[in-house]
Structures are given as C-alpha cells and as structure tokens.
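Asker: Sending over a structure as structure tokens; questions will come in a sec.
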Amino acid sequence: ISMKTTFVSKEKNDVKFTMDFTAEEFDAAVVKAYQASKDQFVIDGFRKGKAPRSIIEKHYGEGIFFEDAINNLFKDGYPGAINELDLEVIDSPAAEFSEIGKGKPMTITITVPVYPVVEVKDYFGVEVEQVEAKVKPEDVEKEIEGLQKRNARMILADRPVKEGDTVLLDYSGFVGEEQFEGGTAERQELKIGSGMFIPGFEEQLVGATPGEKKDVTVTFPEEYHSEDLAGEEAVFHCLIHEVKEEQLPELDDEFAKDVSEYDTLDELKKETEARLQKYADEQSVNAAKDAVIEKVYQINKTDVPRVMVEDEIDRMAQDLDHQLRYQGLSLEQYLQFMQKDAKEFREELREDATKKVSTRLVLMSIVEAEKVDVTEEELETELANMAVQYNMEAAQVKEMIGADNMKFFKKDIQLKKVIDMLYDKAKVTKVEKAEEAPETEEK
C-alpha cells in the first residue's frame with residue numbers, strides 16, 4: 001500500500017489524521033475482499049464459490065464487498081500511519097469515510113486519543129535525603145561464610161544423627177494396619193531440620209544410628225492436602241542407611257584460589273567488601289531517585305484517562321499471571337484460593353495502577369518540557385547493555401525488540417534520562433544509615 005498519511009490537528013489529547021487511498025488501491029482491496037469471501041455465496045447456475053464478482057454484485061448490490069475492502073485497508077494502513085506520525089495511542093480510533101464507490105479514491109479520517117502531556121512545574125531542586133550504608137566487617141564475613149557453605153562437601157559420619165545432617169533412608173507409612181499411598185520411599189535423602197517432611201518427623205530421627213530401624217509417629221495436619229490423611233495419626237517404619245555431615249572448607253588462601261580469581265583470602269575479602277559497597281551505593285542512589293520521583297509526582301499529580309488505568313491493571317494482572325504460572329498456578333486458581341472475583345481483584349489494583357500511570361505521565365511531560373532526546377549513541381549503548389544482560393548480540397536484541405516497538409524502547413531511555421536529570425538537580429542531603437535499634441521486650 002502506498003497510502004498517504006496526513007496529520008490534520010491535535011485538540012487536547014485527540015489527534016486527527018487522514019489516510020488517503022487511490023482509486024486503484026480501493027479497487028484492488030475490493031478484488032481481494034471478493035477473493036476472500038466468494039465461497040460464501042450460492043447463486044443459481046454457478047457452483048459454490050465460482051460465481052463471478054460482477055454477478056454477485058448484481059445480485060447483492062455493488063457495495064457488497066466495500067465493507068470488507070475498507071476494513072482491510074484500515075487494518076493494513078493504520079499501524080504504519082501511527083508509526084509514521086510517531087503517535088502513542090491509548091485507545092481505539094474513531095473513523096469517518098469519504099464517499100465510497102467504484103473507481104473513486106477514498107479517504108479515511110481517523111480521530112484517536114493519544115498519550116497526554118500535562119503542564120508540569122517545580123520539578124527541579126526538590127529536597128530529599130539519601131541514606132548511605134557503610135559495609136561492615138560482619139557483612140563481609142557473612143558473605144564469605146555463604147561462599148564457604150556453598151562449597152561444602154558432604155562426608156559420611158559414623159555416629160548418631162544430629163540436626164543439620166543429611167540422612168539416606170527407606171520409609172513406609174501406615175495408618176493403623178493399612179499402608180497408605182504415597183507414604184513409601186527407598187534411599188530418600190532428607191536434611192534434618194529442613195522442614196521438608198510432616199512436623200515432628202525429622203526431629204524423631206535425631207539420635208538414630210546408621211543401619212538402625214526406627215518407628216516415627218506423627219499426626220498429619222488438619223489442613224493436609226490429602227483428605228484421607230488430614231488429622232490422622234501415622235507410623236513410619238524407617239531404616240537409616242547413611243548419615244552425612246557438611247564439611248566446610250578451611251578459610252585460607254587455597255580456598256580463595258579455588259572459589260575465585262584471587263590468590264589470597266585477604267584479596268577475596270577486599271573484593272567482596274568493594275562489591276557489597278558498590279551494591280549498597282547503587283541501592284542508596286536508587287532509593288533517593290525514587291524519593292525524588294515521589295516528590296515530583298506529589299507536586300504535579302494529575303488525573304489520568306480511565307482507559308490508561310484499565311490498560312495498566314491489565315498489565316499488572318498479566319504479570320501476576322506469569323509469576324503464578326511459574327509456580328504451576330493460574331490467576332483463576334489464585335483468585336479462587338483468595339476467595340475473590342476478578343472485579344474485586346481489579347479494584348484492588350486500581351490505586352497502584354493509577355499512581356503508576358500518573359507518575360509516568362508526569363515524567364513524560366517533563367521529557368516534553370525539557371526536550372529530552374535520545375542520541376543514536378545512547379540507543380546503541382542501551383542495546384549493548386541489554387545484550388550483556390541477556391547474553392546475546394546487540395543485533396539480536398534489536399531484532400527481539402522489533403522496529404515497531406523501538407519507539408517505546410526509546411521512551412524508556414528518555415524516562416531514565418529525565419530521572420537522572422531530576423536527581424542531579426535535586427537538593428540531596430546524605431545521611432548515614434541509622435543503626436537498627438535492638439529489639440526490646442515490651443513490659
């Protein structure tokens with residue numbers, strides 16, 4: 001389609017533009033509509049789908065294929081038109097048509113609501129506190145201990161079971177004289193204290209020795225997923241094959257060489273401290289940026305079109321649905337479990353969604369007011385960063401985003417730039433992180 005797109009006007013948040021099609025383009029669309037739907041027509045003297053277009057038009061009227069033709073032209077032309085005019089539309093368009101007929105050109109006039117821009121003020125120089133956290137020696141020790149634990153070996157222990165051991169056991173569960181389904185396993189690994197088994201089971205294995213047979217008596221919880229077993233007392237006949245304990249590696253230079261690129265434990269500790277401090281500093285800056293955004297939002301918060309809030313609620317519900325599916329649940333099951341209907345759930349999201357949309361609207365309006373643009377270099381840098389994050393080539397990332405979505409990607413970069421600008425121009429007071437007060441028992 002070589003359709004011509006022309007911007008007409010913008011009033012408030014409504015943009016009007018035209019899509020012009022030549023007579024040849026309109027006639028070609030009519031032929032395409034005939035080809036797609038000719039099988040639906042049954043006309044005496046012709047086999048189904050074999051009636052010529054002129055006969056069908058004579059029978060049903062000259063305009064029989066016009067509606068489908070117009071719909072096809074609109075569907076094919078509209079996405080390109082809003083891309084060409086760089087419009088971020090927020091709702092469905094309304095369309096008006098010029099006089100339609102064979103051999104006539106056609107104009108579709110579109111009116112569509114677009115992302116609004118609001119008047120913004122006092123957004124530079126807001127006052128916020130930035131809490132700075134200093135990494136303490138105990139934070140470094142804790143991190144090194146975690147590394148030490150992750151590199152522990154499991155070794156056989158010829159002694160009775162202790163808390164924290166891993167045992168290899170057989171078990172078979174009985175309620176009364178009857179063995180129940182799903183309560184039997186051979187050579188099962190179980191870490192004592194992990195809480196993987198029914199409450200009371202693991203504790204009763206403490207003190208057992210390798211090779212020992214031991215009966216464990218437990219009561220299934222009242223809310224247990226299997227109704228037959230809920231609240232029932234059961235006996236598990238267990239046989240302990242092995243007891244294993246965790247053996248931690250020595251914290252020395254050898255350990256540092258094994259688990260990192262450093263030659264000494266001291267270097268590993270220094271690198272760990274620097275990494276933790278870098279992370280703490282980033283968190284501190286991000287929290288301050290959030291505080292700046294909140295202040296700017298409070299000064300400029302504005303009503304937002306309902307359709308934008310509904311779209312945001314859709315997005316939030318979709319995100320939750322994706323998270324739940326990773327856990328093997330659906331949004332419907334979650335709502336059933338929470339005893340909520342979809343309408344209630346959407347209403348609960350409304351306040352958050354409204355604030356998100358309103359905040360973005362304020363920030364995008366500052367983008368407009370400050371004429372914040374994205375250079376080709378900045379775009380390439382952002383694509384390169386994403387490529388590193390996803391372990392892909394920058395060209396692949398570009399392809400993944402797609403040409404149609406690139407303008408939204410650029411808008412996200414504009415948002416980042418404007419947030420950095422607001423933070424740089426804010427009056428930021430740096431304060432030390434307050435020591436957490438020790439918990440005291442209430443008298």
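Asker: Please provide three numbers in whole Å: the alpha-carbon extents of the range 336-411 along the principal axes, with the largest listed first.
Answerer: Here the spans come out as 49, 35, 20 Å, largest first.
Asker: Please give, to one decimal in nm, the separation of the simple spin-label points placed at residue 427 and residue 99, each 7 Å out from Cα toward the Cβ.
Answerer: Placing both labels 7 Å along Cα→Cβ, they lie 6.8 nm apart.
Asker: Under a crude label model (7 Å from the Cα following the beta-carbon direction), how far is residue 141 from residue 76 in nanometres?
Answerer: Taking the two extended label points, one gets 7.4 nm.
Asker: Between residue 184 and residue 347, what FRET efficiency follows from the Cβ-Cβ distance if R0 is 51 Å, with the result rounded to 0.05?
Answerer: 0.60
Asker: Taking a probe of 1.4 angstrom, what is the accessible area of residue 233 in Å², to the nearest 10?
Answerer: 120 Å²
Asker: Convert each backbone phi in the range 251-261 into a coupling constant with the Karplus relation 6.51 cos²θ - 1.76 cosθ + 1.60 (shift: θ = phi - 60°), then list the ³J(HN,Hα) values in order as whole Hz, x for Gly and Pro.
Answerer: 7, 9, 4, 4, 4, 4, 5, 5, 9, 8, 8
Asker: Around residue 165, what is the net charge, scoring Lys/Arg as +1 and Asp/Glu as -1 over all other residues with Cβ under 13 Å from its Cβ? Write out the running numbers ahead of the final one.
Answerer: On the way: positive: 159, 162, 191, 244; negative: 158, 163, 189, 202, 203, 242, 245, 246.
Summing Lys and Arg as +1 and Asp and Glu as -1 gives -4.
Asker: Just to verify a number: FRET efficiency for residue 115 and residue 24, C-beta to C-beta distance, R0 = 41 Å, to 0.05?
Answerer: FRET efficiency, residue 115 to residue 24: 0.70.
Asker: May I ask which residue of 167, 74, 140 lies farthest towards the positive end of the charge dipole of the chain, with charges of +1 (Lys, Arg) and -1 (Asp, Glu) on Cβ and the Cα centre as origin?
Answerer: Of the listed residues, the answer is 74.
Asker: How much net charge surrounds residue 202 when only the other residues with a Cβ under 13 Å from the Cβ of residue 202 are counted, with Lys and Arg +1 and Asp and Glu -1?
Answerer: It works out to a net charge of -1.
Asker: Go ahead and collect, in residue order, the members of the range 211-252 whose backbone nitrogen is under 19 Å from a label point 7 Å along the Cα-Cβ direction of residue 177.
Answerer: Answer for this model: 233-237.
Asker: Right, next: Looking at this model, which pairs from 136/191; 12/121; 38/58; 269/427 are more than 25 angstrom apart at the alpha-carbon?
Answerer: 136/191; 269/427
Asker: Can you give the local net charge around residue 244? Use residues other than it whose beta-carbon is closer than 12 angstrom to its beta-carbon, Lys and Arg +1, Asp and Glu -1.
Answerer: Net of charged neighbours comes to -2.
Asker: While we're looking at this one, here's another question. With θ set to phi - 60° and the Karplus curve 6.51 cos²θ - 1.76 cosθ + 1.60, what are the ³J(HN,Hα) couplings of the range 2-19 in order, to the nearest whole Hz, using x for Gly and Pro?
Answerer: These are the phi-based 3J(HN,Hα) values: 9, 3, 9, 10, 10, 6, 10, 6, 9, 10, 6, 9, 9, 9, 10, 8, 10, 10 Hz.
Asker: At a Cα cut-off below 18 Å, give the aspartates and glutamates reachable from residue 134, other chains included and same-chain residues fewer than 8 away excluded.
Answerer: Of all the aspartates and glutamates, those that pass the test against residue 134 - Cα under 18 Å, at least 8 places apart if same chain - are 143, 271, 273, 281, 282, 432, 435, 436.
Asker: For the chain, report the accessible area per residue in Å² (1.4 Å probe, heavy atoms, rounded to an integer).
Answerer: In whole numbers, the chain has 65 Å² accessible per residue.
Asker: Which aspartates and glutamates, on any chain, are close to residue 32 with Cα under 19 Å apart, when same-chain ones fewer than 8 places away are left out?
Answerer: 20, 24, 57, 62, 67, 68, 76
Asker: Turning to a different aspect of this structure: Which residues' amide hydrogens lie under 5 Å from the amide hydrogen of residue 208, considering only partners 5 or more residues apart or on another chain, with H built in the peptide plane?
Answerer: Answer set, sorted by chain and number: 161.
Asker: Keeping the other protein chains in place, figure out the carbon and sulfur percent of the accessible area of the chain, with a 1.4 Å probe.
Answerer: 48 percent
Asker: State the extension gain, in nm to one decimal, for the chain segment bounded by residue 47 and residue 393, taking 0.36 nm per residue of separation less the distance between their alpha-carbons.
Answerer: 119.0 nm is the gain from fully extending residue 47 to residue 393.
Asker: Further question: Please report, in debye to the nearest 20, how large the charge dipole of the range 335-443 is about its Cα centre when each Lys and Arg carries +1 at its beta carbon and each Asp and Glu carries -1 there.
Answerer: Around 480 debye, computed over the range 335-443.
Asker: May I pose another question? Which order do the peptides 129-136, 320-327 take when ranked by the mean count of other beta-carbon atoms within 10 Å per residue, highest first?
Answerer: Descending mean neighbour count gives 129-136, 320-327.
Asker: Related question: For residue 68, put the label point 7 Å out on the Cα→Cβ axis and report which residues of the range 1-30 keep their amide N under 14 Å from it.
Answerer: Zone members listed by number: 28-30.
Asker: Continuing with the same structure: Using the alpha-carbon atoms, what tilt in degrees (0 to 90, nearest 10) does helix 265-300 show relative to the longest principal axis of the chain?
Answerer: Rounded to the nearest ten degrees, it is 40.
The values are calculated or read from the model by the stated rules, or taken from the named source; none is laboratory data. Everything numeric here is computed off the predicted structure, so don't read it as measured data. All Cβ positions, glycine included, derive from the backbone under ideal geometry; neighbour counts span all protein chains shown. Just the protein is used for accessible areas: all its heavy atoms, side chains included, with ligands, DNA and RNA removed. Shrake-Rupley method; radii C 1.70, N 1.55, O 1.52, S 1.80 Å.
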